[in-house]
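The values are calculated or read from the model by the stated rules, or taken from the named source; none is laboratory data. Every value quoted in this text rests on a predicted model; they were computed, and no experiment measured them. Cβ atoms come from the backbone with ideal geometry, glycine included; neighbour counts cover every protein chain shown. Remember, those area values only see protein heavy atoms, side chains included, never the ligands or the DNA or RNA. Shrake-Rupley method; radii C 1.70, N 1.55, O 1.52, S 1.80 Å.
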Number of protein chains: 2
Amino acid sequence: MSEIRTLALACKDAAQAMFALDTETKRKLLHDMAAALEEQRDTILTANARDLQQAAARGIQGAMLDRLRLDEARLAGIAKAVREIAALPDPVGLVTRRDTLPNGLEVERVRIPLGVIAMIYEARPNVTADAAALCLMAGNAVILRGGSEALHSNVAIASALHAALEKHDIPTAAVTLIEDLRRETMVELLQLSDVIDLAIPRGGEGLIRFVAEHARVPVIKHYKGVCHLYVDATADESLALNLLVDGKTSRPGVCNALETLLVHRDVAPSFLPKAVQALQERGVELRGCERSRALVDGMRPATDDDYAAEFLDLILAVRVVDDLGMAIGHIQRFGSDHTEVIATRDDQAARRFMQAIRSAVVMVNASSRFSDGGELGLGAEIGISTTRLHAYGPMGAEALTVERFIVRGDGQVRHPQSRL
Amino acid sequence: MSEIRTLALACKDAAQAMFALDTETKRKLLHDMAAALEEQRDTILTANARDLQQAAARGIQGAMLDRLRLDEARLAGIAKAVREIAALPDPVGLVTRRDTLPNGLEVERVRIPLGVIAMIYEARPNVTADAAALCLMAGNAVILRGGSEALHSNVAIASALHAALEKHDIPTAAVTLIEDLRRETMVELLQLSDVIDLAIPRGGEGLIRFVAEHARVPVIKHYKGVCHLYVDATADESLALNLLVDGKTSRPGVCNALETLLVHRDVAPSFLPKAVQALQERGVELRGCERSRALVDGMRPATDDDYAAEFLDLILAVRVVDDLGMAIGHIQRFGSDHTEVIATRDDQAARRFMQAIRSAVVMVNASSRFSDGGELGLGAEIGISTTRLHAYGPMGAEALTVERFIVRGDGQVRHPQSRL
């Protein structure tokens, strides 16, 4: 048997142990993990220093190097996040429906863990602790396949998590870190459809496409967010301006930042000049359609590529539209099923927008930046699904479980004539 | 563009039209479909006669030929089933949770259709109408890829469904029947990950494995059911006997029939002789472990292959176990995650069984034969998922939808300092 299959099968056995844990035990386990991360602080920071050194030697710098960096404060933050996950409501065992059928059968829908979750991610070592904690809290075992830049940090973090698992007599394979980071090994992992219940890729589009193309296990994708703000004819312009500035400038590098502004032609002459001024003051580059460029100066022409782009930067595409229908058509064509916002005072327009737009999150008069598990009340988030299956939008602990059926009877049979 | 991609993209456009339909329109559409099936009865039966003739000429006979056959009564049954689906509660628009966050944001979880569902199935032409009706009732468009034996019947049925779609000005591509039944075309279909939201294969294990191996779209598998009945030390023996006879003999060819009986050693000497007699009277062949064979005559020895088998026939594997733990271990090793039954009077044993067994349906003192959407209150069923993701166990209309987020605010921004 290949090494990766052996590791995965051990993780599957550990999933069986995780399946049976009660809420209190899981909470204690996570608290012990947080404590172990703090106790093994020096080891983890030393390992991280080694990763940083190697990354710098390979020419990595700027934001990417920063994402890799751990320090005392960040490590304390990681431990804190694990404790916060321990405080979440336990989704396992939740009875979501209970019916008594005419024949007396009592049918319950009860949430159980998925089983084995494979997380495929890139440079950020905090994901190692975060994702493991959230998977474990939902009663799963987890296989972690991080980026090579963070390998030493990830090994040190996993080792702290293992110490806590050992303390509770749970197989350490419940948190399995893959250290063989060759692509072919990842492909092999992604094909273990008899072992892995779900793969979650988190990172750039290249990684996600690679996982989607090679997987034979179920994948929940977290693709790009090409988020739109549509300013309707009846919008409160100052409200819309606030949503625009927050959506584009408060953190342009994340998936719930705005990428395109659509403005109804009736408000464009009044709204666009104010919008452009506010954005340009904040260093935003604007790319507009002809009609918007006729209304304000200083915009480059926008191409279809601009409308399809996730800039992740201080760039915004702009388009004036004739009406709500044209705004919807634009989003249907260029959208990424992530998050769309309508600014309007017209309830019927808001309803039409929601009925036509199939994105995971639709906001009415609120900033796209709230499209995040923490902000929407999920507590913690393992990612934002743009796959319209199982979970759609921000995924919390509950999205790492599934409903099954528990049926209680007192001897009911389907064909009473078979009764003896 | 390839022909299959063109067809699928038209279906995706139709999905957009389906997305916006209200409940009443969908119900009327389904009633018109049922009426069209009745009106076009002669055309459908003529087409079916052609399929039957060709199948007979190719040597198909027995149960398989019977599954292909339509007659007036069966066609009336199909129309009736479509009307029953029209009467189901509409899962679309269902608000499953509503919270108001401290910042005033109102967050709702609302069910929306998945989009485009590809059904891959075999000889039974009733699936063409059933699956289409259930997918449409949940607001989806559907691509149907049936078996070649039923092609003429399927074309005639789809044509009746199209007449109803036209009456409602919905693109007929909302029900797209694939008539090019080459394997390579199916593979191409299964790779259209930008178009198809879910593929559901229904049929033999070979078909399901083929789909799972070639798909790049999400697949919910409906594998075999190796269902177990465990008779615990405290079981009511006459109750257990009823569950056994119903589970094995009431319809042995279906996935929720029992395949293996596990008996606690304390009750085996009393229970097994009665069980064997009742089953043998009904023509069931028994294959047992050494301990069970020592207790009763007339059993062949059981092999590991027998314990792993979905017999779909009047054959039962039998094993005497030392205790609940050994029964659980057996099911963990040989089970198929479908349906398991425990007969017991001991609540704690029932609880331990549920906590250790991760199958989609767990029955306490009820027949495995109830593991079916209709019997468990779902109304209609598109299949029984053994994939522990999205839906697990019998899938009804609701399993053809997904929850998304609707957020209503009055100008909330994430970083108030970006407020103008």
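Residue-by-condition table, conditions (1) within 14 Å of chain B (Cβ to nearest Cβ); (2) open to solvent by 10 Å² or more (accessible area, probe 1.4 Å):
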site: A:Leu198; (1), (2): yes, no
site: A:Phe210; (1), (2): yes, yes
site: A:His214; (1), (2): yes, yes
site: A:Val219; (1), (2): yes, yes
site: A:Glu259; (1), (2): no, no
site: A:Ala275; (1), (2): yes, no
site: A:Leu279; (1), (2): yes, no
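With the condition being under 21 Å from B:Phe311 (Cα atoms) and in the same structural domain as B:Glu290 (by TED's automatic domain parsing), I'd like the strands (runs of 3 or more DSSP E) fully within segment B:322-420 carrying at least 3 qualifying residues. Lay out the reasoning, then the answer.
Numbers: elements: B:339-343, B:361-366, B:383-389, B:391-395, B:401-412.
Per the criteria, B:339-343, B:361-366.
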Open item on the list: Return the residues of segment B:338-357 that are surrounded by 15 or more Cβ atoms within 10 Å (Cβ to Cβ) and free of Cβ contacts under 8 Å to residues at least 60 places away in the same chain; say none if nothing qualifies.
Closed with: B:Ala350, B:Arg352, B:Met354, B:Gln355, B:Ala356, B:Ile357
Open item on the list: Exactly one condition in (1) out of contact with any strand residue (DSSP E or B) (no Cβ under 8 Å at 6 or more places or on another chain); (2) of a type in the set (Gly, Ala, Ser); (3) closer than 17 Å to A:Ile382 by Cβ is false for A:Ala164; which is it?
Closed with: (3)
Open item on the list: For the list (1) crowded, with 16+ Cβ neighbours inside 10 Å; (2) basic (Lys, Arg); (3) over 16 Å from B:Val231 (Cα atoms), I need the number of the one condition that B:Arg333 fails.
Closed with: (1)
Open item on the list: Out of B:Gly204, B:Gly225, I need the residue that is out of contact with any Pro (no Cβ under 9 Å at 6 or more places or on another chain), modelled with pLDDT under 95 and open to solvent by less than 10 Å² (accessible area, probe 1.4 Å). Which one?
Closed with: B:Gly225
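Would you check if A:Arg182 is at pLDDT 95 or above, open to solvent by 40 Å² or more (accessible area, probe 1.4 Å) and of a type in the set (Lys, Arg)?
Details: at pLDDT 95 or above: yes; open to solvent by 40 Å² or more (accessible area, probe 1.4 Å): yes; of a type in the set (Lys, Arg): yes.
So A:Arg182 passes the test.
When the residues of segment B:132-152 are filtered to those that are small (Gly, Ala, Ser), farther than 18 Å from B:Asp90 by Cβ and assigned to a helix (DSSP H, G or I), which remaining residue is farthest from the other protein chains (Cβ to nearest Cβ)? Step through it out loud before you land on a result.
Here is the first cut: in segment B:132-152, the residues small (Gly, Ala, Ser) are B:132-133, B:138-139, B:141, B:146-148, B:150.
Right, trim to farther than 18 Å from B:Asp90 by Cβ and you get B:146-148, B:150.
In the following step, the residues that additionally are assigned to a helix (DSSP H, G or I) were identified as B:148, B:150.
On the way: B:Ser148: 26, B:Ala150: 28 Å.
Result: B:Ala150.
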TODO: Give segment A:363-383 a look and list any residue that's of a type in the set (A, V, I, L, M, F, W, C), facing another protein chain (nearest Cβ under 10 Å) and either buried (at least 24 other Cβ atoms within 10 Å of the Cβ) or more than 11 Å from B:Phe405 (Cβ to Cβ) (or both), or say none.
DONE: A:Met363, A:Val364, A:Ala366, A:Phe370
- [ ] Please find, within segment B:329-362, the residue that is farthest from the other protein chains (Cβ to nearest Cβ) out of those that are closer than 20 Å to B:Ala233 by Cα and touching a Cys at 6+ places or on another chain (Cβ under 9 Å).
- [x] B:Glu340
Task: Filter result (out of contact with any helix residue (DSSP H, G or I) (no Cβ under 7 Å at 6 or more places or on another chain) and under 19 Å from B:Ser250 (Cα atoms)) within segment B:315-357 - done: B:Ile315, B:His338
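Within segment B:397-416, track down each residue that is touching a helix residue (DSSP H, G or I) at 6+ places or on another chain (Cβ under 9 Å), more than 7 Å from chain A (Cβ to nearest Cβ) and surrounded by 24 or more Cβ atoms within 10 Å (Cβ to Cβ).
Taking segment B:397-416 as the starting set, the residues that turn out to be touching a helix residue (DSSP H, G or I) at 6+ places or on another chain (Cβ under 9 Å) are B:397, B:400, B:406-416.
Subset that is more than 7 Å from chain A (Cβ to nearest Cβ): B:397, B:400, B:416.
Correct list: B:Ala397, B:Leu400.
Would it be correct to say that B:Glu310 is under 23 Å from B:Ile220 (Cα atoms), touching a Ser or Thr at 6+ places or on another chain (Cβ under 8 Å) and assigned to a loop (DSSP other than H, G, I, E, B)? Show your work before the answer.
Details: under 23 Å from B:Ile220 (Cα atoms): yes; touching a Ser or Thr at 6+ places or on another chain (Cβ under 8 Å): yes; assigned to a loop (DSSP other than H, G, I, E, B): yes.
The answer is yes for B:Glu310.
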Open item on the list: Taking the condition of being in contact with a Leu (Cβ under 9 Å, 6 or more places away or on another chain), farther than 30 Å from A:Ser193 by Cα and surrounded by 22 or more Cβ atoms within 10 Å (Cβ to Cβ), how many residues in segment A:6-46 meet it?
Closed with: 3
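Of the residues in segment B:221-231, how many are within 14 Å of chain A (Cβ to nearest Cβ) and over 30 Å from A:Phe210 (Cβ atoms)?
Start the filter on segment B:221-231 by keeping residues that are within 14 Å of chain A (Cβ to nearest Cβ), which leaves B:221, B:223-225, B:227, B:229, B:231.
With over 30 Å from A:Phe210 (Cβ atoms) added as a condition, the list becomes B:224-225, B:227, B:229, B:231.
The total comes to 5.
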Task: Where B:Leu243 falls short, out of the listed (1) more than 29 Å from A:Ala17 (Cα to Cα); (2) within 13 Å of chain A (Cβ to nearest Cβ); (3) open to solvent by 20 Å² or more (accessible area, probe 1.4 Å) - done: (3)
TODO: Tell me, please, whether a residue that is of a type in the set (Asp, Glu) and more than 24 Å from B:Ala63 (Cα to Cα) can be found in segment B:267-284.
DONE: no
- [ ] Within segment A:87-120, track down each residue that is within 22 Å of A:Gln412 (Cα to Cα) and among the hydrophobic types (A, V, I, L, M, F, W, C).
- [x] A:Leu101, A:Leu105, A:Val107, A:Val110
- [ ] Among the candidates A:Arg50, A:Arg67, A:Arg58, single out the residue that is in the same structural domain as A:Ala132 (by TED's automatic domain parsing) and within 20 Å of A:Ala380 (Cβ to Cβ).
- [x] A:Arg67
Open item on the list: Looking at segment B:204-231 only, could you name the residues that are within 13 Å of B:Ala118 (Cβ to Cβ) and out of contact with any strand residue (DSSP E or B) (no Cβ under 7 Å at 6 or more places or on another chain)?
Closed with: B:His214, B:Arg216
Open item on the list: Anything in segment B:264-316 that is at pLDDT below 95 and small (Gly, Ala, Ser)? List them, or say none.
Closed with: B:Gly298
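Criterion first (over 30 Å from B:Leu136 (Cβ atoms), more than 9 Å from chain A (Cβ to nearest Cβ) and among the basic types (Lys, Arg)) does B:Arg300 satisfy it? Reasoning before the result, please.
Numbers: over 30 Å from B:Leu136 (Cβ atoms): yes; more than 9 Å from chain A (Cβ to nearest Cβ): yes; among the basic types (Lys, Arg): yes.
So B:Arg300 passes the test.
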TODO: State yes or no: is A:Asn154 in contact with a Gly (Cβ under 9 Å, 6 or more places away or on another chain), more than 14 Å from A:Leu7 (Cβ to Cβ), crowded, with 24+ Cβ neighbours inside 10 Å and touching a residue at least 12 places away in the same chain (Cβ under 8 Å)?
DONE: yes
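Got a sec? Which of A:Ser148, A:Ser159 is free of Cβ contacts under 8 Å to residues at least 60 places away in the same chain, surrounded by fewer than 23 Cβ atoms within 10 Å (Cβ to Cβ), out of contact with any Pro (no Cβ under 9 Å at 6 or more places or on another chain) and closer than 22 Å to A:Ile44 by Cα?
Details: A:Ser159 fails: free of Cβ contacts under 8 Å to residues at least 60 places away in the same chain.
The conditions single out A:Ser148.
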Task: Any chance A:Val95 is within 14 Å of chain B (Cβ to nearest Cβ) and either within 20 Å of A:Val219 (Cβ to Cβ) or of a type in the set (Lys, Arg) (or both) - done: no
- [ ] Output the residues belonging to segment B:384-396 that are among the aliphatic types (A, V, I, L, M) and facing chain A (nearest Cβ under 7 Å).
- [x] B:Leu389
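Out of A:Thr249, A:Thr234, I need the residue that is modelled with pLDDT of 95 or more, in contact with a Ser or Thr (Cβ under 9 Å, 6 or more places away or on another chain) and buried (at least 19 other Cβ atoms within 10 Å of the Cβ). Which one? Before you say what the answer is, go through the steps one by one.
Numbers: A:Thr234 fails: buried (at least 19 other Cβ atoms within 10 Å of the Cβ).
Residue meeting the stated conditions: A:Thr249.
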